[in-house]
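Below: one structure, written as structure tokens.
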Amino acid sequence: MPDDLPTSDELHTQVQHRLIEELETTESLHRDLLDSIPEVVMRCDEEGRIAYLNPAWESLLGFPRAESIGSVLTDYIAEKDRARWIGFPEAGSPDQTSHIRFKRQDGSVRWFLAGLRRSPDGNCFGLLQDINEQVELAQQLRQAQKMEAIGRLAGGVAHDFNNLLTVIIGGAETALQSAPDSDPGLQDDLKLVIEAGERASKLTRELLAFGRRQVMQFQVVRLRDLIEEIKSILQHMAGEHIVIELEDRCAVGEVSVDPDKMQQVITNLVVNARDAMDGHGRILFSLSDLELGNEGGPLELSAGSHVVLSVSDHGKGIEDGDLEKIFEPFFTTKEEGKGTGLGLATCHGIVSQNRGAMDVTSTLGVGTTFRVYLPAV
Ligand SMILES: Nc1ncnc2c1ncn2[C@@H]1O[C@H](COP(=O)(O)OP(=O)(O)O)[C@@H](O)[C@H]1O
Ligand SMILES: [Mg+2]
């Protein structure tokens, strides 16, 4: 036997080295894969404690991986979705998927599609795919369609209704003219008819505005001037225990809007803020510029320069569940006779017709901010 041939011991070591090398290569391939995919990959133990997370966890949720490992997965599920979370399936059961919101480190929540599986040894594997954008777009679309449909219905009804009211008021006015002076009771009744008719007519005008059927008279203005113009009216409506302030970043651009309608929007927002603060506190107007790139911005805004008007109060705030209904016509939390639920629907209609958009953020017990976005000219 030539002595340059390896002994069996040496052969054994060589094979071992090769195997280790191959193992290391596949392992690093898997690690690279796990490190680079945009979905969260996780492994949990039988009790649901996190044992492994890939880096996507940190980039999507913001929590450092080292901190999250060892904690219970359910702690990261948004409070409002915990009741729906049924956990990992039993071993041998088919994979399970669910739409669920996870908390992020900054306190916000994001929608994920969670794919879950349990292996026979009890280990649980999960894949979380970020579907936040799709869910939000779908919600916005549904909301826009609903508003559109209600708007058309309300607009159509209001239009016909207004024609009838014109006849009613006109008839009552003619009758009042020919009512004998000797019959003051009849005169009073007719005046009442006219008054009620006019009030109904005002309501239908609001409905028409919401149904986007109003004629707009556009002018190039600065929102600051529109606010200044009606400041004393606003102050009068807000009452003496409310301070109205205007914070103005001086560069704020001009917009092309119907000034009267935009003042109607501002008035509505102030009245709502007053009601939310029970007549005591501070309402802050703030104006700023917003430049949007090609990807567009919040809501359905297109690229370009915008002016943002925000109206903030520190009133009672809006419940989470109410937020999505807030711009719907007839949605009101005020007692009967106090609210019509048409204020914000009208604002929304007017702002849309002025090629803008509105949104709202609110924290219960802390306050609310409504924002109006308008394209700058
Ligand atoms: N600034 C605000 N703070 C808290 N809740 C608000 C605010 N603005 C509006 N809301 C809520 O939105 C609802 C709808 O407002 P709106 O359309 O103006 O109708 P209305 O004022 O007649 O109720 C209100 O009933 C209220 O619950
Ligand atoms: Mg209102």
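The values are calculated or read from the model by the stated rules, or taken from the named source; none is laboratory data. For clarity, every value in this text was computed on a predicted model and none was experimentally measured. We place every Cβ from the backbone using ideal geometry, glycine too, and count neighbours over all the protein chains shown.
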*Quick one: count up the residues across segment 315-336 that are within 12 Å of ligand 2 (Cβ to nearest atom) and under 18 Å from Ile150 (Cβ atoms).*
6
*Please specify each residue of segment 229-252 satisfying the condition of being of a type in the set (Gly, Ala, Ser) and either under 25 Å from the mean Cα position of the chain (by Cα) or within 15 Å of Phe285 (Cβ to Cβ) (or both).*
Ser232, Ala238
_Tell me yes or no: at least one residue of segment 130-139 is surrounded by 15 or more Cβ atoms within 10 Å (Cβ to Cβ), modelled with pLDDT under 85, closer than 25 Å to Asp320 by Cα and not assigned by TED's automatic domain parsing to the domain that holds Ser59._
no
_Given (1) within 16 Å of ligand 1 (Cβ to nearest atom); (2) hydrophobic (A, V, I, L, M, F, W, C); (3) touching a strand residue (DSSP E or B) at 6+ places or on another chain (Cβ under 7 Å); (4) in contact (Cβ under 8 Å) with a residue 60 or more places away in the chain, index of the condition Ile242 fails_ = (4)
_Residue satisfying all of: in segment 346-364; hydroxyl-bearing (Ser, Thr, Tyr) and either surrounded by fewer than 24 Cβ atoms within 10 Å (Cβ to Cβ) or under 15 Å from Pro375 (Cα atoms) (or both); nearest to the chain's Cα centre (by Cα) among these_ = Thr361
*asked:* Can you confirm whether Leu226 is of a type in the set (A, V, I, L, M, F, W, C), more than 14 Å from ligand 2 (Cβ to nearest atom), part of a strand (DSSP E or B) and touching a residue at least 12 places away in the same chain (Cβ under 8 Å)?
replied: no
*For segment 170-179, indicate whether the set of residues that are within 30 Å of Gly349 (Cα to Cα) and either small (Gly, Ala, Ser) or part of a helix (DSSP H, G or I) (or both) is non-empty.*
yes
*Does Gly343 meet the test of being buried (at least 17 other Cβ atoms within 10 Å of the Cβ) and within 13 Å of ligand 1 (Cβ to nearest atom)?*
yes
*helices (runs of 4 or more DSSP H) lying entirely in segment 1-100 (those with 1 or more residues that are closer than 28 Å to Pro120 by Cα and charged (D, E, K, R))*: 8-36, 65-68
*Within the bounds of segment 273-284, is there any residue that is free of Cβ contacts under 8 Å to residues at least 60 places away in the same chain, within 15 Å of ligand 2 (Cβ to nearest atom) and part of a strand (DSSP E or B)?*
yes
